[in-house]
Amino acid sequence: MTAFELRPIHSQHDIDQCVVLQRNTWGMPDVDITPARLFIVARWAGTTPIGAFDEHGRLLGFVHTLLAQHEGTPAYYSHMLAVDESLRDSGIGYRLKLAQREQALAQGIPLVVWTFDPLQSRNAHFNLNKLGAVVRGYVVNFYGEKHASVFDAGIGSDRVFAEWWVGSRRVARALEGGPPMPDTSLETLEIPSEFGAVKRDDHQGALLWRLQTREAFQSRLSRGLVAVGLDRDRESGRSRYRFASAEAASDALR
């Protein structure tokens, strides 16, 4: 178990480490990296970035937050969460999200939102099952299609919006280790358990998954359903989103 401490990112040295960690984690060119000045602006705006550091002061991960509004509600936008690839399953990302939640609650912010690829089952499990977020919004090509350095050309950058109502009963139950809510799902939606492997081995197949998932998500959300969980089946290589009615998921919003 890697020892680390969480603390606000204040110094220029810490910020420079955030820039380096982005390069190392995703291999992004400078044009796609969140620059140092945005970390400084976020700190000034009251959403100081939070870092995980080892005993020598080396940055192991960070969460970068922006002030926002979501459908008229004051919110945090969780712009970026990065963790050293060698420490992917160490619990650092989870601890950073908990620190972000504490920051939001201390400032009276009820909601944290962020985007993720709906075909990435690992992220969906983390966001919906472990954190207790829900999904009510889907955006086609949120980042456009031309950033091939970050997104796979020809597949698109569709994203869903995770809504993390940090003071809700649903989130409290999830953080206690139990199911975020009783299973009241009405519909399911199958996705690959390892979409990265599909993209690597079968580009046309990945595109087909994108288009099918886009249509299915949009249909369900347009009918007022809410994505509330994900069941992962590693043996079959498939995962399934669970969708519930807005009424059944209402405790996620208070």
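The values are calculated or read from the model by the stated rules, or taken from the named source; none is laboratory data. Nothing here was measured: the structure is a model prediction, and the numbers come from that model. For neighbour counting, all protein chains shown are included, and Cβ atoms are generated from backbone atoms with ideal geometry for every residue, glycine included.
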### Message
Among the residues in the range 181-188, are any at pLDDT 90 or above and among the small types (Gly, Ala, Ser)?
### Response
no
### Task
Spot the failing condition for Met80; the list is (1) within 17 Å of Arg7 (Cβ to Cβ); (2) in contact with a His (Cβ under 7 Å, 6 or more places away or on another chain), and only one is missed.
(1)
### Query
Do the conditions hold for Ser193, that is, is it touching a residue at least 24 places away in the same chain (Cβ under 8 Å), buried (at least 17 other Cβ atoms within 10 Å of the Cβ), over 28 Å from Tyr143 (Cβ atoms) and of a type in the set (Gly, Ala, Ser)?
no
### Query
Only one of (1) under 15 Å from Arg240 (Cα atoms); (2) crowded, with 20+ Cβ neighbours inside 10 Å; (3) without any contact (Cβ under 8 Å) to a residue 60 or more places away in the chain fails for Thr188. Which number is that?
(2)
### Message
Filter the range 88-124 down to the residues that are under 27 Å from Asn141 (Cβ atoms) and among the hydrophobic types (A, V, I, L, M, F, W, C) and list them by number.
### Response
Leu111, Val112, Val113, Trp114, Phe116, Leu119, Ala124
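Working only within the range 123-148, note down all residues that are outside any loop (DSSP other than H, G, I, E, B) and either within 24 Å of Leu6 (Cα to Cα) or touching a Cys at 6+ places or on another chain (Cβ under 9 Å) (or both).
If we filter the range 123-148 for residues that are outside any loop (DSSP other than H, G, I, E, B), which is where we start, we get 123-130, 134-139.
Within the range 123-148, Asn123, His125, Phe126, Asn127, Leu128, Asn129, Lys130 qualify.
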### Query
For the range 32-80, which residues satisfy the criterion of being among the hydroxyl-bearing types (Ser, Thr, Tyr) and either under 28 Å from Glu145 (Cβ atoms) or buried (at least 19 other Cβ atoms within 10 Å of the Cβ) (or both)?
Thr34, Thr47, Thr65, Tyr76, Tyr77, Ser78
#### Entry: Residue in the range 39-49 that is in contact (Cβ under 8 Å) with a residue 12 or more places away in the chain, within 20 Å of the chain's Cα centre (by Cα) and in a helix (DSSP H, G or I) present
yes
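Quick one: which of Arg169, Arg220, Arg240, Arg232 is of a type in the set (D, E, K, R), in contact with a His (Cβ under 7 Å, 6 or more places away or on another chain) and either in contact (Cβ under 8 Å) with a residue 12 or more places away in the chain or under 17 Å from Lys130 (Cβ atoms) (or both)? Reasoning before the result, please.
Details: Arg169 fails: in contact with a His (Cβ under 7 Å, 6 or more places away or on another chain); Arg220 fails: in contact with a His (Cβ under 7 Å, 6 or more places away or on another chain); Arg240 fails: in contact with a His (Cβ under 7 Å, 6 or more places away or on another chain).
Exactly one residue qualifies, and that residue is Arg232.
Filter the range 77-114 for residues that are in a strand (DSSP E or B) and within 23 Å of Gln17 (Cα to Cα); which is farthest from the chain's Cα centre (by Cα)?
Val83
Where in the range 153-241 are the strands (runs of 3 or more DSSP E), entirely inside, with at least 1 residues that are touching a helix residue (DSSP H, G or I) at 6+ places or on another chain (Cβ under 7 Å) and closer than 19 Å to Val113 by Cβ? Spell out how you get there, then give the answer.
Values: elements: 159-165, 187-192, 225-233.
The strands (runs of 3 or more DSSP E) meeting that bar are 159-165, 225-233.
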### Message
Suppose we keep only residues that are in contact with a Lys or Arg (Cβ under 8 Å, 6 or more places away or on another chain) and not in a helix (DSSP H, G or I) within the range 9-34. Which one would you say is farthest from Ala82 (Cα to Cα)?
### Response
His10
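Evaluate the following for Leu67: is it among the hydrophobic types (A, V, I, L, M, F, W, C), in a strand (DSSP E or B), out of contact with any Asp or Glu (no Cβ under 7 Å at 6 or more places or on another chain) and over 15 Å from Leu6 (Cα atoms)? Quick ask: steps written out before the conclusion?
Values: among the hydrophobic types (A, V, I, L, M, F, W, C): yes; in a strand (DSSP E or B): yes; out of contact with any Asp or Glu (no Cβ under 7 Å at 6 or more places or on another chain): yes; over 15 Å from Leu6 (Cα atoms): yes.
Criteria met by Leu67.
Tell me which residues, restricted to the range 3-31, are among the β-branched types (Val, Ile, Thr), touching a strand residue (DSSP E or B) at 6+ places or on another chain (Cβ under 9 Å) and exposed (fewer than 13 other Cβ atoms within 10 Å of the Cβ). Steps first, answer last, please.
Filtering the range 3-31 for residues among the β-branched types (Val, Ile, Thr) gives 9, 15, 19-20, 25, 31.
Subset that is touching a strand residue (DSSP E or B) at 6+ places or on another chain (Cβ under 9 Å): 9, 20, 25.
Of everything in the range 3-31, just one residue is among the β-branched types (Val, Ile, Thr), touching a strand residue (DSSP E or B) at 6+ places or on another chain (Cβ under 9 Å) and exposed (fewer than 13 other Cβ atoms within 10 Å of the Cβ), namely Val20.
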